[in-house]
1. What nm value, rounded to one decimal, do you get for the distance between Arg110 and Tyr133 when each label is placed 7 Å out toward the C-beta?
2. What distance in nm separates the simple spin-label points at Arg102 and Arg62, each placed 7 Å from Cα in the Cβ direction?
3. Order of Ile107, Ile57 from fewest to most other C-beta atoms within 10 Å?
4. For Arg66, Arg110, what's the fewest-to-most ordering of other Cβ within 10 Å of each Cβ?
5. What ranking of Asp105, Asp65 emerges when the number of other C-beta atoms within 10 Å of each C-beta is taken as an exposure proxy, fewest first?
Amino acid sequence: MSFLSVCVTACSSAKCRSGIETWAFLAEVCLMTTYQLVAIAVAVGVTLLFCGLPVMIAFGRRHPDRRTIAKLSPLALLSFALWFALILWAATDRKDDSIVARYIDRIQKRNLGPWIVGGLVFIGLAGTAASLYL
């Protein structure tokens with residue numbers, strides 16, 4: 001079923017009384033101005049740049065865990081805290097960094113990685129929900 005047929009079906013309901021209203025509805029929904037298309041393209045570009053920045057940093061610095069950073073990067077759209085953690089992780093490219101290595105070893109030994117990522121995503125979603133509610 002195409003988008004146009006969905007629009008026609010939706011407009012065939014009791015809300016639209018005549019054929020003129022049907023075509024007005026279709027013109028409003030299905031046609032976009034150049035400004036709207038450019039705004040959507042810019043929003044998608046900024047989102048991809050935001051999501052891909054930790055990956056670009058990790059691959060540019062040849063980080064040992066760059067593939068893991070790339071896998072976690074899409075989740076950063078749900079949590080700014082996770083995005084910030086990925087930026088920091090990508091910027092620290094040495095395994096022998098004592099502070100980072102100490103915490104990474106603890107996380108890997110206890111298999112807490114998924115829980116920490118899930119917690120960061122939950123905190124991001126809770127913060128978003130709280131700001132939308134208030």
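1. 2.8 nm
2. Calculated label separation equals 2.9 nm.
3. Ile107, Ile57
4. Values: Arg66 20, Arg110 9.
Ranking Arg66, Arg110 by Cβ neighbours within 10 Å, fewest first, gives Arg110, Arg66.
5. On the way: Asp105 11, Asp65 15.
Result, fewest neighbours first: Asp105, Asp65.
No value in this document is a laboratory result; all are computed from the given coordinates. Treat the numbers as computed from the prediction; the structure is a model and nothing was measured. So basically every Cβ, Gly included, is an ideal-geometry build from the backbone, and we count neighbours across all protein chains shown.
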